[in-house]
1. Residues that are surrounded by fewer than 16 Cβ atoms within 10 Å (Cβ to Cβ), part of a strand (DSSP E or B), in contact with a Phe, Trp or Tyr (Cβ under 9 Å, 6 or more places away or on another chain) and of a type outside the set (D, E, K, R): does region 75-90 have at least one?
2. Do we have Arg86 as touching a Lys or Arg at 6+ places or on another chain (Cβ under 9 Å) and closer than 20 Å to Leu11 by Cβ here?
3. Looking at region 13-29, which of its residues are modelled with pLDDT under 95 and either under 15 Å from the mean Cα position of the chain (by Cα) or of a type in the set (Asp, Glu) (or both)?
4. Could you grab me the full set of residues in region 71-92 that are touching a helix residue (DSSP H, G or I) at 6+ places or on another chain (Cβ under 9 Å) and hydrophobic (A, V, I, L, M, F, W, C)?
5. Looking at (1) in a strand (DSSP E or B); (2) surrounded by fewer than 19 Cβ atoms within 10 Å (Cβ to Cβ), which is the one condition that is false for Val25?
6. What number of residues in region 28-55 are of a type in the set (A, V, I, L, M), surrounded by 14 or more Cβ atoms within 10 Å (Cβ to Cβ) and within 17 Å of Leu11 (Cβ to Cβ)?
7. Looking at Leu71, Leu58, Leu106, which one is crowded, with 17+ Cβ neighbours inside 10 Å, of a type outside the set (Val, Ile, Thr) and more than 25 Å from Gln35 (Cβ to Cβ)?
8. Test each condition in (1) under 19 Å from Met1 (Cα atoms); (2) in a loop (DSSP other than H, G, I, E, B) for Val43 and report the one that comes out false.
Amino acid sequence: MHKGEVWQVKLPFTDGREQAGERPVIIIQDDTFTQVLPMILVVPLTSVIAAARFVATLNIQPNEENGLSVLSIALIFQARSLDKRRFLRRIGCIDSQTMDQVLTLLDHLTGR
């Protein structure tokens, strides 16, 4: 598991508005921490285009490299940690420009 990879995961169901069920996520955690911690920091993706109306989202076009099959919205405002056991399979990897955009939006969201 490496920063920038897209994985299919199983998100737990909650009572709130958090994303749940099987879906792709982008790993945003530095590889140094990924190797030693049991949890991985991710940004969930959705194919619900209406989610792009929220701030701190990013459209990601599907391509061979990222392994996505449809236009996906990165829900940066829903970044969260997941147990490594929730990761089902690697789908692909986003390009460095997209990763920079994700991290820039995360920095703005957190006031950095």
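The values are calculated or read from the model by the stated rules, or taken from the named source; none is laboratory data. Quantities reported herein were computed from a predicted structural model and do not represent experimental measurements. Quick reminder, even Gly has a Cβ in these numbers, built from the backbone with ideal geometry, and neighbours come from all protein chains shown.
1. yes
2. Yes, satisfied.
3. Asp15, Glu18, Gln19, Ala20, Gly21, Glu22, Arg23
4. Leu71, Ile73, Ala74, Leu75, Ile76, Phe77, Ala79
5. It fails just one condition, (2).
6. In the first step, residues of region 28-55 are kept if they are of a type in the set (A, V, I, L, M); the result is 28, 36-37, 39-43, 45, 48-52, 55.
Then drop every residue that is not surrounded by 14 or more Cβ atoms within 10 Å (Cβ to Cβ), which leaves 28, 39-43, 45, 51-52.
From what is left, the residues that are within 17 Å of Leu11 (Cβ to Cβ) are 28, 39-43, 45, 51.
The number of residues fulfilling the criteria is 8.
7. Leu58
8. Against the list (1) under 19 Å from Met1 (Cα atoms); (2) in a loop (DSSP other than H, G, I, E, B), Val43 comes up short only on (2).
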